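Each remark here refers to the structure printed beneath this line.
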Amino acid sequence: MTEKEFAEKYPFLFVGTSDDGTEIYTWIDSFPEGWWKAFGEKMCEEIQHEIDTDPEASEFCILEIKEKYGELRVYAGGSTNRIEEILDKYSFISRNVCIKCGKPDVPMVYAGWISPWCEDCWRENIAEQQRYLKTVHPDDPIEEYPESMHYEKFVHADESWKIPGEIHTKVWKPGADKPVERVVDISSTVAMIRDKSQGVPKNKRRKRDEQK
């Protein structure tokens, strides 16, 4: 779909138009490429469903979209608890989805900053940084990264690279003297992202979800 079609389908994505009215700007422009490819439209579908079915969500609007500390951040106004849960879910998932190509089950890696990268995109990004530095500082010695350098050495934390199927949080309940654990099952969303990455047709992904 074009950005105009996305803006018509999900009005909350609309930002504005060019001075001559020939171009439409949407929040997709602020969405990291890999994350939009992996789950961006699915996230919008879930938000739009809440807007269409919950009167309290009718004023929902996006204020900012960006990457921060290696995860997706969506700042919004007119939100509801359910929409915040959707945003939190995809922020959590984004930590293990390549920010460049959308490949799932990747680690946080250092590449000038900490973000989730698959090995191929990480190497490409490092090479691009070197090319840029050689352009702006042609007389300075630029460290050459050997092709054999180990990707794993740049992984930020020694943890599982797999996207978890559950989100565990602590919440306070009225009258409670301590927070209780809340578990949110996100396995179907994670399975969808993995299937999409592997090229599984959308109709087959839907049928599998209906069987669960």
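What residue among Ser79, Ser94, Ser160 has the largest mean-square fluctuation in a Gaussian network model of the chain, using Cα springs under 10 Å?
Ser160
Amide H neighbours of Val15 under 5 Å, at least 5 residues apart or on other chains, H built in the peptide plane: list them.
Tyr25, Thr26, Trp27
Based on the alpha-carbon set only, what is the convex hull volume of the chain divided per residue, in Å³?
So the per-residue hull volume is 186 Å³.
Nearest 10 degrees, 0 to 90: what angle lies between the long axis of helix 187-197 and the longest principal axis of the chain (Cα atoms)?
Compared with the principal axis, the helix lies near 40 degrees.
Go ahead and run the numbers for FRET between Thr17 and Tyr75, Cβ-Cβ distance against an R0 of 25 Å, rounding to 0.05.
Efficiency at R0 = 25 Å is approximately 0.65.
Averaging sequence separations of C-alpha pairs under 8 Å and six or more residues apart, then dividing by the length of the stretch 1-94, give the relative contact order as a whole percent.
Over the stretch 1-94, the number comes to 21 percent.
Could you state the angle between the C-alpha long axis of helix 119-136 and the longest principal axis of the C-alpha atoms of the chain, as a value from 0 to 90 degrees rounded to the nearest 10?
Rounded to the nearest ten degrees, it is 60.
How large is the charge dipole for the stretch 70-137, taken about the Cα centre, if only the Cβ atoms of Lys, Arg (+1) and Asp, Glu (-1) carry charge, to the nearest 20 debye?
Taking the Cα centre of the stretch 70-137 as origin, the dipole is about 180 debye.
Under the Karplus relation 6.51 cos²θ - 1.76 cosθ + 1.60, θ = phi - 60°, what is the ordered set of whole-Hz ³J(HN,Hα) values for the stretch 105-112, x standing for Gly and Pro?
6, 10, x, 6, 10, 7, 9, x
Going down the table (Lys9/Lys37; Lys37/Lys162; Lys100/Lys162; Lys68/Lys162; Lys37/Lys173; Lys153/Lys202), which pairs top 25 Å between alpha carbons?
From the list (Lys9/Lys37; Lys37/Lys162; Lys100/Lys162; Lys68/Lys162; Lys37/Lys173; Lys153/Lys202), the Cα-Cα distance tops 25 Å for Lys37/Lys173; Lys153/Lys202.
Full extension from Glu8 to Glu45: what is 0.36 nm times the residue separation minus their Cα-Cα distance, to one decimal in nm?
Between Glu8 and Glu45, full extension yields an extra 12.1 nm.
Working from Cα positions, state the angle (0 to 90°, nearest 10) between the long axis of helix 81-94 and the longest principal axis of the chain.
Helix 81-94 and the main axis of the chain meet at about 20 degrees.
Compute, for the chain, the length of the dipole vector about the Cα centre, with Cβ point charges of +1 (Lys, Arg) and -1 (Asp, Glu) only. Units Debye, rounded to 20.
Using Cβ point charges on Lys, Arg, Asp and Glu, the chain gives about 940 debye.
In whole Å, what is the distance between the alpha-carbon centres of the stretch 1-78 and the stretch 159-173?
Comparing the Cα centres of the stretch 1-78 and the stretch 159-173, I get a distance of 25 Å.
Summarise the long-distance tail of P(r) for the stretch 1-94 by giving the % of C-alpha pairs beyond 21 Å.
That tail contains 29 percent of the Cα-Cα pairs.
Compare the Cα positions of His168, Gln130, Cys98 along the charge dipole of the chain (+1 at Cβ of Lys, Arg; -1 at Cβ of Asp, Glu; about the Cα centre) and return the one farthest towards the positive end.
Among His168, Gln130, Cys98, the one farthest towards the positive end of the dipole of the chain is His168.
Amide H to amide H under 5 Å from Met108: which residues, 5+ apart in sequence or cross-chain, H placed 1.01 Å off N in plane?
Under 5 Å from the amide H of Met108: His156, Ala157.
Highest GNM mean-square fluctuation, the chain, Cα pairs closer than 10 Å: which of Asn81, Asn125, Asn96?
Most flexible of the set in this elastic network: Asn81.
Just so you know, all these numbers are worked out from the coordinates, no wet-lab data involved. Note that the structure is a prediction, hence the values are computed from the model and not measured. A quick note on method: Cβ atoms are made from the backbone with ideal geometry, for glycine too, and the neighbour counts reach across all protein chains shown.
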